[in-house]
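Okay, structure first, notes after.
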Amino acid sequence: MDVERAALTSLCGEVDALREEARRHSADREQLLDRILTEAGSRRPVLGLLSRLLGADPDTTLRALGAGLPGTGPGRASEERFGCPDGACDRIEVPPPAGALPRCRVTGLPMRRA
């Protein structure tokens, strides 16, 4: 898997947690996260910026972001799965039965059936 694609997949699954963490730290981190999301939404590389945000090297960044992402469990065949609206990342979302359709946390677009 391409490292930038992996970074975008992890970012998409962790946006809410990253935003909360950035708010607790400083306005500079919030601004950096906003820049990361702008770059991600434009489909430009984000791994270097994520590394800066987390104070880590790229390998460590991917491991930190990739731990325990939603949709990585075994699942059931009857579950509906949704993926990135434009195929830019590998994030899969499994909403609760009769739940709202998931949206991309980077672009805000509705996710497509996977």
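The values are calculated or read from the model by the stated rules, or taken from the named source; none is laboratory data. Please read all numbers here as calculations on a predicted model, not as lab measurements. Quick reminder, even Gly has a Cβ in these numbers, built from the backbone with ideal geometry, and neighbours come from all protein chains shown. The area values use the complete protein model at the heavy-atom level, side chains included, leaving out ligands, DNA and RNA. Shrake-Rupley method; radii C 1.70, N 1.55, O 1.52, S 1.80 Å.
Hey, can you tell me all the residues within the range 80-114 that are out of contact with any strand residue (DSSP E or B) (no Cβ under 9 Å at 6 or more places or on another chain), open to solvent by less than 40 Å² (accessible area, probe 1.4 Å) and modelled with pLDDT under 90? The answer is Gly99, and nothing else. Selection of the range 6-59 for residues being over 18 Å from Met111 (Cβ atoms) and basic (Lys, Arg) yields Arg19, Arg23, Arg24, Arg29, Arg35, Arg44, Arg52.
The single condition among (1) surrounded by fewer than 18 Cβ atoms within 10 Å (Cβ to Cβ); (2) modelled with pLDDT under 85; (3) assigned to a helix (DSSP H, G or I) that Thr61 does not satisfy is (1). Selection of the range 4-43 for residues being closer than 16 Å to Pro85 by Cα and loosely packed, with under 12 Cβ neighbours inside 10 Å yields only Ser42. For the range 19-29, the criterion of a residue being within 13 Å of the chain's Cα centre (by Cα) and either under 25 Å from Val94 (Cα atoms) or part of a loop (DSSP other than H, G, I, E, B) (or both) is satisfied by at least one position.
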